[in-house]
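To keep things clear, I will list the structure first and then write my remarks on it.
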Amino acid sequence: MNETVITGLLLAATVSGVPVLLAALGEAISEQVGVKNLGIEGVMLMGAVLAAIVAHNTGNAWVGLVGGALGAGAFNFVTLAVPNVVLRAEETVVAFACWFIGIGLSTMIGVSYNGKTLPSLEKIEIPLLSDLPYIGPAFFHQPATTYVAIAMVLATSWFLYRTRHGLKLRAIGRDIDAARACGIAVTRLRLAYVTLGGAIIGLGGAVLAIVALGTWETNLTGFRGFLGFALVIVVGRGRIIPLLLGAYLFGLLLGVSGVVQAQGWDVSPEFLDMLPYIAAVLALIVQAWRPRRRLRRRAAGVPALAES
Amino acid sequence: MSADATAARMPRPSPGGRPSGSQGETSGAASAGGLASGLRQAALRIAVVLAGVLVGIFIIALQPGVDAGTWSAVWHGTFGTASGISSVVQLTSPLLLSGVAAAVSARAGMWNIGVEGQLVMGAWAGTAIAFTFPDLPGPWLPALVLIGGVVGGALWVVPPAAARAYLGVNEVVTTLLLNFVATLWLVYWVTGPWADTSFQGAGLGARPITDNAMLSHWTIGDVTIGVSFVIAVVIALATWAVFRYTPFGYRCTLLGADQRTARYAGVDVARTRFYSLVLSGGIGGLVGVIVMIDHVQRFTIALSTYTGYLGLLVAALASASLLGCIPAAVLVALLSAAAGALRIAGIPAEVTLMLTGLMLIAAAITDVGSGNQVGRSIRRGVARVTTAVSREGRGGDAA
């Protein structure tokens with residue numbers, strides 16, 4: 001393995017890892033308030049397609065990213081948050097509905113944008129550090145979105161564990177009845193943070209379209225959202241910082257195929273593409289195998305409204 | 001420890017077949033007899049489908065390129081012509097099997113979201129058999145291919161099923177992720193070992209399999225009905241019988257209704273979970289071979305067109321009742337045929353999924369299990385109408 005291969009692999013890992021990281025972060029926030037967002041894939045698709053449409057029409061990548069995130073948040077609000085939190089419909093059914101609507105709607109409105117080149121972001125070079133061998137390009141010569149994503153993870157962790165408001169959110173996830181008894185506005189906060197989580201997931205999709213791939217195509221997320229979902233389970237509920245490492249590892253596996261093809265090695269790309277998904281399944285199995293001491297969050301999946 | 005692990009999982013689908021849910025609303029149905037209750041369920045589901053279709057039509061009508069001609073094409077593609085009806089019948093069989101596969105796992109309290117992957121692996125196994133024994137006579141080859149499909153699908157679900165049953169790993173995520181692996185497996189075979197470069201159909205395809213392996217069709221009037229339809233209905237009935245008359249089926253239903261009760265009643269919970277998922281996966285594998293030897297005629301990308309996911313809608317509309325899957329599958333087949341006809345207006349096939357999602361939301365909101373006000377008032381309205389109708393129907397007897 002020469003230097004180009006390793007440098008390329010690390011770079012590909014960062015590029016593919018950021019969308020997964022954002023998706024996992026959004027899902028982790030949603031789980032903090034006790035709602036599993038299995039519609040993650042659909043929300044991500046909506047974020048991607050809306051970002052592509054907005055960016056293509058305005059010619060500005062930043063406007064596209066913001067548009068994608070906001071649109072995906074709104075989509076998540078309508079198709080998942082309201083049916084789940086307010087109308088108390090069955091969680092998994094609603095989540096799949098959200099996914100399916102995301103696939104259908106994004107494909108339909110994105111038909112005329114298939115394969116169009118999107119405006120891109122300039123890379124920010126951090127002096128000196130970006131010249132480091134191997135890790136320079138992967139970590140210190142990146143578009144702003146990479147730094148923003150990492151900052152968002154750190155900020156979320158600080159927010160959840162170091163602020164009063166974050167404590168409330170964790171309380172909802174841990175015991176909804178106790179939270180309600182303390183006078184926390186459970187329904188309102190759930191709605192708000194599931195929607196916020198959706199917007200972050202959508203930002204992941206937007207970054208995937210604009211930064212990582214530079215284009216929109218039908219079903220472009222390719223189950224990356226579900227990888228993010230699996231990552232949240234594997235890392236363990238309520239843990240935010242370790243998502244960084246996990247997302248990077250998934251990014252590494254997602255990037256392998258491209259690097260190998262660029263090198264012209266004779267391995268079927270399909271088998272390389274399978275790696276992250278097989279790894280995710282194995283990780284889930286291994287995670288369940290080891291004895292657990294984590295705090296159980298009893299309110300996960302419990303409707304937010306009091307029995308009437 | 002395993003009880004600990006399962007208590008924190010997401011809520012499970014309510015097992016169907018019974019008008020489940022709050023007693024206040026269903027006690028009336030008991031006195032009015034099964035008819036009113038069945039009618040009410042059906043009316044509720046039809047309302048759900050209509051709501052989904054209406055929202056869908058509204059969204060589709062906003063798309064460029066949709067005009068009056070589009071809607072007339074939809075009519076011709078579904079009821080309007082004999083070929084339309086034939087295509088609905090053809091679409092029904094995979095959807096019915098897919099719905100039965102989803103319903104089987106739902107009745108045991110689990111979600112098998114991996115039917116899409118199982119159908120690919122089933123079709124792959126079937127193709128491998130057809131390539132190995134191309135000369136088997138008469139019905140033997142299709143029979144062997146069908147069995148191969150069942151085995152392929154069942155084997156594909158074994159890892160997630162074992163992980164779910166014995167380790168408590170969320171089967172939703174694992175079966176889902178494996179779908180993508182199966183799709184890549186398909187791409188590998190149709191671009192690599194089995195590639196057919198001259199294939200002109202939709203997507204990539206493998207070499208065609210021999211005609212011996214194909215299922216035959218009957219023509220009644222101008223309408224074509226395949227053997228596949230009969231197979232699908234027979235499987236649905238057989239599965240229904242399994243759940244109605246065998247201890248295994250009873251254990252599954254008990255487990256789906258209440259895990260703890262099942263445990264105290266001495267049901268081997270892990271084993272029951274495992275086998276119900278394997279049964280579901282086997283039926284999922286059958287979906288793939290049925291599509292293949294009924295009309296696609298080869299192992300191709302075109303096999304994986306969301307049929308496995310549409311099965312969720314079939315099962316949800318049927319409330320996981322195995323007999324209810326039959327009308328629900330016809331309904332969803334109609335939708336698929338309509339969506340196929342929409343393609344001339346440049347509307348992608350994925351629109352079916354959008355409609356599916358809208359209906360699933362509507363079904364979940366109005367489901368008896370959910371305690372919201374909207375669903376409750378809709379149910380009350382429907383109940384009033386259906387009770388009145390069924391009373392009227394029995395009026396002569398009562399007097």
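Go through segment A:239-246 residue by residue and turn each phi into a ³J(HN,Hα) via Karplus (6.51, -1.76, 1.60, θ = phi - 60°); whole Hz please, and just put x for glycine and proline.
Result, ordered by residue: 9, 9, 4, x, 4, 4, 5, x Hz.
Translational diffusion coefficient of segment B:72-139 at 10 °C, 1.306 mPa s, Stokes-Einstein with Kirkwood Rh over Cα pairs, in µm²/s as a whole number. Intermediate values should be presented prior to the final figure.
Numbers: Rh = 14.9 Å.
Result for D is 107 µm²/s.
Based on the Kirkwood radius over alpha-carbon pairs, what value in µm²/s does the Stokes-Einstein equation return for the translational diffusion coefficient of the protein assembly as shown at 37 °C and 0.692 mPa s?
D, rounded to a whole number, is 125 µm²/s.
Only helical DSSP H runs with n ≥ 4 go in: add -39500 (n - 2.57) per run for chain A, normalise by residue count and round the 222 nm mean residue ellipticity to 500 deg cm²/dmol.
Values: 12 runs with 204 residues, N = 308.
Only helices count here, giving -22000 deg cm²/dmol.
Return the sequence-ordered ³J(HN,Hα) values of segment B:245-255 in whole Hz as given by the Karplus equation 6.51 cos²θ - 1.76 cosθ + 1.60 applied to θ = phi - 60°, using x for Gly and Pro.
Listing the rounded values in order: 10, 9, x, 4, x, 5, 4, 4, 4, 4, 4 Hz.
Dipole of the protein assembly as shown (Lys/Arg Cβ +1, Asp/Glu Cβ -1, origin at the Cα centre): which of A:Q142, B:S93, B:G266 lies farthest to the positive side?
B:G266
Could you tell me how many degrees, from 0 to 90 and to the nearest 10, lie between the Cα long axis of helix A:164-174 and the main elongation axis, the longest principal axis, of the Cα atoms of chain A?
Value to nearest ten degrees: 80.
Does segment A:59-208 classify as rounded, prolate or oblate by the C-alpha gyration tensor (a ≥ b ≥ c root eigenvalues; a/c under 1.5 gives rounded; else a/b over b/c gives prolate, otherwise oblate)? List each step's numbers first, then the result.
Values: a/c = 3.08, a/b = 1.34, b/c = 2.31.
Verdict is oblate for segment A:59-208.
With +1 on each Lys and Arg Cβ and -1 on each Asp and Glu Cβ, how big is the dipole of the protein assembly as shown about its Cα centre, in debye rounded to the nearest 20? Numbers along the way, then the final one.
Working: 44 positive and 32 negative charges, 582 e Å.
With Lys and Arg at +1 and Asp and Glu at -1, about 2800 debye.
Return the long-range amide H neighbours of B:T300 (sequence gap of 5 or more, or a different chain), with a cut-off of under 5 Å between placed amide H atoms.
B:A206
What FRET efficiency do you get for A:A155 and B:F133 if R0 is 51 Å and r is their Cβ-Cβ distance, rounded to the nearest 0.05?
Working: r = 62 Å, r/R0 = 1.21.
It comes to 0.25.
Kindly put B:S216, B:S98, A:S257 in sequence by how many other C-beta atoms sit within 10 Å of each C-beta, fewest to most. Please list the in-between numbers first.
On the way: B:S216 10, B:S98 35, A:S257 21.
Going from sparsest to densest Cβ surroundings: B:S216, A:S257, B:S98.
Between beta-carbons, use under 11 Å as the cut-off and find the net charge around B:T127, counting Lys and Arg +1, Asp and Glu -1.
On the way: positive: B:R207, B:R298; negative: none.
Every neighbour counted, the sum reads +2.
Between A:S268 and B:R380, how high is the FRET efficiency from 1/(1 + (r/R0)^6) when r is the Cβ-Cβ distance and R₀ = 51 Å? Nearest 0.05. Please list the in-between numbers first.
On the way: r = 58 Å, r/R0 = 1.13.
Here the calculated transfer efficiency is 0.30.
Is the shape of segment A:154-197 rounded, prolate or oblate, going by the alpha carbon gyration tensor and its root eigenvalues a ≥ b ≥ c, with a/c under 1.5 for rounded and a/b larger than b/c for prolate?
On the way: a/c = 2.36, a/b = 1.37, b/c = 1.72.
Oblate is the answer for segment A:154-197, as a/c is 1.5 or above yet b/c matches or exceeds a/b.
Using Cα positions and a limit of under 20 Å, work out the aspartates and glutamates in reach of A:K36, with same-chain residues fewer than 8 apart set aside.
A:E27, A:E90, A:E91, A:D175, A:D177, B:D4, B:E171, B:D367
Fewest Cβ neighbours within 10 Å first, please rank A:R88, A:R162 accordingly.
By the 10 Å Cβ count, ascending, the order reads A:R162, A:R88.
Sorting B:M359, A:M46 on the 10 Å Cβ count, fewest up front, what's the list? Walk me through the numbers on the way to the answer.
Values: B:M359 27, A:M46 32.
So the ranking, lowest neighbour count to highest, is B:M359, A:M46.
Long-range amide H contacts for B:Q63: which residues qualify at under 5 Å (H placed 1.01 Å from N, peptide plane, sequence gap of 5 or more or a different chain)?
It is none; the list stays empty.
Quick one: which residues, 5 or more positions from A:Q142 or on another chain, have an amide H under 5 Å from its amide H? H modelled 1.01 Å from N in the peptide plane, none for Pro or chain starts.
A:I124, A:I126
Per residue of segment B:209-215, what does 6.51 cos²θ - 1.76 cosθ + 1.60 with θ = phi - 60° give for ³J(HN,Hα)? Whole Hz please, x for Gly and Pro, Karplus curve as stated.
Taking θ as phi minus 60°, the curve returns 8, 4, 4, 4, 7, 6, 7 Hz for segment B:209-215.
For the pair B:A241 and A:R162, what calculated FRET efficiency results from E = 1/(1 + (r/R0)^6), where r is the Cβ-Cβ distance and R0 = 45 Å, to the nearest 0.05? Can you show the working numbers first?
Details: r = 60 Å, r/R0 = 1.32.
Efficiency for this residue pair is about 0.15.
Bear in mind these aren't lab numbers, they're just calculated from the coordinates by the rules spelled out. Computed from a predicted model, the values in this text were never measured in an experiment. Using ideal geometry, Cβ is built from the backbone for each residue, glycine included, and neighbour counts are taken over all protein chains shown.
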